[in-house]
């Protein structure tokens with residue numbers, strides 16, 4: 001069940017993020033070139049385990065801590081990453097709560113994909129600060145996400161929006177809501193839906209922060225070097241070195 005739901009998740013995410021697999025390739029390349037083969041990663045807001053699975057299958061000596069606050073996604077991630085035994089740990093963890101990093105411990109890299117835009121700008125800065133404290137000097141953070149163009153770039157904003165619309169029109173994948181409906185067909189996941197609704201009842205969508213905010217927030221959080229390692233229109237992989 002978990003493996004199939006991850007496959008469907010990857011399909012529906014690819015309908016929202018063009019060339020999605022390329023962002024993962026860039027992230028894995030950075031890990032290889034920067035850290036070698038054996039390292040410990042933190043997968044922030046891991047969803048059903050998409051990043052952690054790719055890391056653990058690519059680097060046999062790597063370990064991962066995958067964290068999320070959505071009980072449905074945590075259940076699936078636990079099933080997916082269970083195949084890697086003690087190389088993977090899945091934690092129910094709320095990034096909005098101060099001091100969450102104490103439950104994770106030191107890591108060599110922090111990764112995230114299409115997730116941190118759910119945080120407010122203030123919350124995002126605090127997450128970056130907490131993440132920085134988990135990394136040694138030279139450790140890296142990689143955040144892959146849609147970072148929308150603002151009023152300063154109206155043509156690029158329009159091109160990106162039109163491209164997103166065409167990408168979704170051409171896809172036969174489930175929508176985000178349809179994916180959760182499909183997942184809820186499984187009784188053990190259906191039982192988790194009320195708790196998911198409770199946890200996110202008071203967390204509305206947040207204003208989308210542009211690339212410049214992410215780079216400034218990472219600098220303020222204590223990272224020594226920030227930039228991007230991949231871009232396709234308004235989809236980026238942001239890089240930060242501790």
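The values are calculated or read from the model by the stated rules, or taken from the named source; none is laboratory data. Computed from a prediction, not measured in an experiment: that's the story for all the values here. Backbone-built Cβ (ideal geometry, glycine too); neighbour counts: all protein chains shown.
Name, by its number, the condition in (1) outside any helix (DSSP H, G or I); (2) more than 23 Å from residue 76 (Cα to Cα); (3) at pLDDT 95 or above that does not hold for residue 125. Just one mismatch for residue 125, condition (1). Under the condition of being part of a loop (DSSP other than H, G, I, E, B) and touching a strand residue (DSSP E or B) at 6+ places or on another chain (Cβ under 6 Å), the residues counted in region 145-188 number 1. None of 4, 11, 21 is modelled with pLDDT under 95 and not in a loop (DSSP other than H, G, I, E, B) except 11. Just a yes or no: is a residue in region 176-186 within 21 Å of the chain's Cα centre (by Cα), farther than 21 Å from residue 116 by Cβ and surrounded by 14 or more Cβ atoms within 10 Å (Cβ to Cβ)? For region 176-186, residues within 21 Å of the chain's Cα centre (by Cα), farther than 21 Å from residue 116 by Cβ and surrounded by 14 or more Cβ atoms within 10 Å (Cβ to Cβ): present.
Look at region 21-38 and say how many of its residues are surrounded by 19 or more Cβ atoms within 10 Å (Cβ to Cβ) and in contact with a helix residue (DSSP H, G or I) (Cβ under 8 Å, 6 or more places away or on another chain). Here the count works out to 3. Of all residues in region 209-227, those that are on the phi < 0 side of the Ramachandran plot have Cβ atoms under 8 Å from Cβ atoms of residues that are modelled with pLDDT under 95 and in a helix (DSSP H, G or I), 6 or more apart or on another chain, in 209/117; 209/121; 213/121; 217/121.
Does residue 74 satisfy being free of Cβ contacts under 8 Å to residues at least 60 places away in the same chain and in a helix (DSSP H, G or I)? The answer is yes for residue 74. Entry remark, region 32-70: residues being closer than 17 Å to residue 113 by Cα, touching a residue at least 60 places away in the same chain (Cβ under 8 Å), part of a helix (DSSP H, G or I) and out of contact with any strand residue (DSSP E or B) (no Cβ under 6 Å at 6 or more places or on another chain) number 1 in total.
Here is a yes/no grid of residues against (1) more than 18 Å from residue 126 (Cβ to Cβ); (2) surrounded by 24 or more Cβ atoms within 10 Å (Cβ to Cβ):
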{"site": "64", "(1), (2)": "yes, yes"}
{"site": "70", "(1), (2)": "yes, no"}
{"site": "78", "(1), (2)": "yes, no"}
{"site": "85", "(1), (2)": "yes, no"}
{"site": "99", "(1), (2)": "no, no"}
{"site": "103", "(1), (2)": "no, no"}
{"site": "107", "(1), (2)": "no, no"}
{"site": "110", "(1), (2)": "no, yes"}
{"site": "114", "(1), (2)": "yes, no"}
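In this entry, residue 146 is excluded by the filter for residues that are modelled with pLDDT under 95 and crowded, with 17+ Cβ neighbours inside 10 Å. Contact map, region 154-165: first residue under 17 Å from residue 231 (Cα atoms), second residue exposed (fewer than 14 other Cβ atoms within 10 Å of the Cβ), Cβ cut-off under 9 Å, separation 6 or more or different chains; pairs are 157/151. When restricted to residues that are part of a helix (DSSP H, G or I) and either out of contact with any helix residue (DSSP H, G or I) (no Cβ under 8 Å at 6 or more places or on another chain) or surrounded by fewer than 13 Cβ atoms within 10 Å (Cβ to Cβ) (or both), region 189-215 contains 9.
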